[in-house]
Amino acid sequence: MSKHYEKSTLSLSRNRPLNSKFKKQKSGFTLLEILLVVGIISILAGIVIVAINPSKQLATVRNTERKSDIKQIDSAITQYYIDNFKYPPSLTGVSSLKEICDTGALSTTTGSSIDCTDLVDLTSLVPMYLTAIPRDPSATTTDHAGYQVVLASNKIGLSAPAELNQTITIGTVAAAPEEEVDACGTPGDATDPDCWSDEETGLAWGPTGLNVSGVSESTTAEDGKANTAALYALGATYAAAYHCYTLDETINGAVPPDGTWYLPSYKELWDGYNAPAMSGGFPRDFYWSSTEYSYLPDDGAWGLGTDGSGMVGNSKFDQVSVRCLR
């Protein structure tokens, strides 16, 4: 009897499923766990967004584009001046910041249907100096490029509407005060700093050729104004004199240029250089006068050498510095 019981018990034990005691129970994420994970992801995403600050990054990119744009405009205007001995006509009289017209890629040869009233039209720079007029990346007004330009004291200034409390400008963006322009006490007084213009570099005296009609070769006469008028009448190839004669047009918008400013004569340039009040006013190596020098084989004009050489003759086609007198 006892043996039969043991056998039955063994049999039942063998017939029992082996995995019934260790069977894995299926499980999943609870709603609380899911919400917890979503919350953590949201917090991390917020931290990353704050750290990256996409709006600031985009504003930085736009500011970089603005800096590049006004550099292109500045370079184009400068090259135009070098080639034509004057600034684009539309800059005449722009003595305070004025917005540039958005004429796109239109050139003066194709004409423009854009309304540039009260704006500065720089299409004379297209396509030779600019492929198109740059436009501010945030500009929304039709015909407005968003950038501003000024021509004060024969210097170009450009400004862009910067973001992030930055200032994006090139050159002098404030117009010269009227009292500074009119401060010259006695016209032609070479010893008065207020009678001299700012420095301009890289201008030729003119083509070679002796004895230009109406131009004195006297080193004692103060005839710079007469010399400049005679050279201006010969055209823009006489760059130094042309620059000075048209300087009043550039500053005050005078049309036609009235010759208030002129290239100083030998004596006026020398007197100005040696005037105590003008100390440091001629920082470059060489400055043109309007007085001819006929003793050079390649035809020259008198100039001031500030390296200790004094007044010397120089080849007319050399491009050196100029300061105008009035």
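Some points to look at:
- Some residue of the stretch 24-44 being in a helix (DSSP H, G or I), at pLDDT below 70 and exposed (fewer than 10 other Cβ atoms within 10 Å of the Cβ): no
- Restricting the stretch 274-326 to residues that are crowded, with 20+ Cβ neighbours inside 10 Å and among the aromatic types (Phe, Trp, Tyr), the residue that is farthest from residue 200 (Cα to Cα): 293
- Positions within the stretch 293-313 being touching a Phe, Trp or Tyr at 6+ places or on another chain (Cβ under 7 Å) and either free of Cβ contacts under 8 Å to residues at least 12 places away in the same chain or in a strand (DSSP E or B) (or both), in sequence order: 293, 300, 301, 302, 303, 304, 305, 311, 313
- Among the residues listed as 214, 209, 280, the single one being in the same structural domain as residue 308 (by TED's automatic domain parsing), over 26 Å from residue 80 (Cα atoms) and either without any contact (Cβ under 8 Å) to a residue 12 or more places away in the chain or in contact with a strand residue (DSSP E or B) (Cβ under 7 Å, 6 or more places away or on another chain) (or both): 280
- Condition check for residue 268: more than 26 Å from residue 84 (Cβ to Cβ) and not basic (Lys, Arg): yes
- Test: residue in the stretch 221-232 that is farther than 21 Å from residue 81 by Cβ, touching an Asp or Glu at 6+ places or on another chain (Cβ under 8 Å) and surrounded by fewer than 17 Cβ atoms within 10 Å (Cβ to Cβ): no
The values are calculated or read from the model by the stated rules, or taken from the named source; none is laboratory data. Quick caveat, the model's predicted, so the values are computed rather than measured. Glycine gets a Cβ as well: all are built from the backbone with ideal geometry, and neighbour counts include every protein chain shown.
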